[in-house]
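Engineer: Attaching a single structure in structure tokens format; questions to follow.
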Amino acid sequence: MSRRPYFLLALALVSAGAAVAVWLAAFVMPGGRTLDAGAMQTFTGVARPPLKPSIHGVALLANPLPFAIGAAVLVVLALLRRRWLMAAIVPAILLGANVTTQLLKPGLADPRWIDLRGAEVIYPGSWPSGHSTASMSLALCCVLVVGPRLRPLAAVLGAGYAIAVGYALVALGYHLPSDVLGGYLVAATFTLVGAAALAALEAHRPMRAERARPPSPATVPLLAAGVAALLACAATAVVVRAPGLTLSALQHPTAIAAGAGIAALGLVLTAGLALALRR
């Protein structure tokens, strides 16, 4: 059997371990809750008129209806490519990741009280974020479903989508940064397990499996440049529409670190999957 399934399973274990590390940092590590809350307080300062309606619209992109439509499109795409096993595994990945997140929320519920601009907000069970899990699982499954030539593009667009949803959730005060990171990692863990299962099953059906291609040296820089361009466009729009609020946010290093962490993880997960599938 090819070593790819074992490699993907190893990555899944790394992803699961990272999710545990994020939870420990947010709930157990001294000062973790304070840093998490401080970053979100700064983020929420951006979600004011005239930006709030647009930010809210971005968050809605991971609601159940858009999620179901996206899932259906991915299954149809897999069927059009005659990848029958993939068409069966993608719904299992999406369902497994998102159901697990909904089970973890009450299972790990630990109330967090945060003073959000004069109002005390309680987050009883928000880790991991359901919308972040939904957006990242769609993004990663898109990378999995498309052909090898389109995977770099899918990775860039998927990362941009998941990162935008993650930022919107924090800016609106719906979730803390650690919730977003946790949702991303739950999605990645299930996608990697599903990809490993797919690779193992298709190893017995070589006529259906795609030939592995050596990774292009330019793939990683192109992926990074694509996501950087998307983030630069989004940042420019925010600066133009709300320059005062943006300047205030830039004065808080904790918020900058949280924003960079969300963006970096989103890129690493989608680009990493695209590269792992070429191995």
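Engineer: For THR133, state whether it is under 18 Å from ALA78 (Cα atoms) and either assigned to a helix (DSSP H, G or I) or of a type in the set (Lys, Arg) (or both). First the steps, then the outcome.
Structural biologist: Working: under 18 Å from ALA78 (Cα atoms): no; either assigned to a helix (DSSP H, G or I) or of a type in the set (Lys, Arg) (or both): yes.
When the stated conditions are applied, THR133 does not pass them.
Engineer: Then there's this: On the basis of being under 23 Å from ALA19 (Cβ atoms) and either open to solvent by 20 Å² or more (accessible area, probe 1.4 Å) or not small (Gly, Ala, Ser) (or both), does ILE69 make the cut?
Structural biologist: Judged against the criteria, ILE69 is not a match.
Engineer: Let me ask another. Here are GLY160, GLY183: which of them is open to solvent by less than 10 Å² (accessible area, probe 1.4 Å) and in a helix (DSSP H, G or I)?
Structural biologist: GLY183
Engineer: For the range 43-59, does any single residue satisfy the condition of being of a type outside the set (Ser, Thr, Tyr), under 21 Å from the mean Cα position of the chain (by Cα), at pLDDT below 85 and within 28 Å of CYS141 (Cβ to Cβ)?
Structural biologist: Yes - at least one qualifying residue is present in the range 43-59.
Engineer: Hey, can you tell me all the residues within the range 111-130 that are in contact with a Leu (Cβ under 8 Å, 6 or more places away or on another chain) and at pLDDT 80 or above?
Structural biologist: GLY125, SER126, TRP127, PRO128, SER129
Engineer: Being modelled with pLDDT under 90, within 30 Å of GLY125 (Cβ to Cβ) and in a helix (DSSP H, G or I) is the requirement here; does GLY194 meet it?
Structural biologist: Against the criterion (modelled with pLDDT under 90, within 30 Å of GLY125 (Cβ to Cβ) and in a helix (DSSP H, G or I)), GLY194 does not qualify.
Engineer: Here's another thing I want to ask about it. List every residue pair whose Cβ atoms sit under 6 Å apart, with the two residues 6 or more apart in sequence or on different chains, where the first one lies in the range 163-181 and is on the phi > 0 side of the Ramachandran plot and the second, anywhere, is open to solvent by less than 20 Å² (accessible area, probe 1.4 Å) and part of a helix (DSSP H, G or I).
Structural biologist: GLY173/THR44
Engineer: Looking only at the range 131-143, how many residues end up being of a type outside the set (A, V, I, L, M) and open to solvent by 10 Å² or more (accessible area, probe 1.4 Å)?
Structural biologist: 2
Engineer: Another question about this same structure. Output the residues belonging to the range 19-63 that are outside any helix (DSSP H, G or I) and open to solvent by less than 70 Å² (accessible area, probe 1.4 Å). Give the steps one after another, and end with the answer.
Structural biologist: Step one: filter the range 19-63 for residues outside any helix (DSSP H, G or I), giving 28-31, 45-51, 63.
Matches in the range 19-63: GLY31, GLY45, VAL46, ALA47, PRO50, LEU51, ASN63.
Engineer: Further question: Residues PRO66, PRO91: which one is in contact (Cβ under 8 Å) with a residue 12 or more places away in the chain, part of a helix (DSSP H, G or I) and of a type outside the set (A, V, I, L, M)?
Structural biologist: Just one listed residue meets the conditions, PRO91.
The values are calculated or read from the model by the stated rules, or taken from the named source; none is laboratory data. Predicted model, so just to flag it, every value in this text is computed and none were measured. With ideal geometry, Cβ positions are generated from the backbone for all residues, glycine too; neighbour counts draw on all protein chains shown. Note: areas computed on protein heavy atoms with side chains; ligands, DNA, RNA excluded. Shrake-Rupley method; radii C 1.70, N 1.55, O 1.52, S 1.80 Å.
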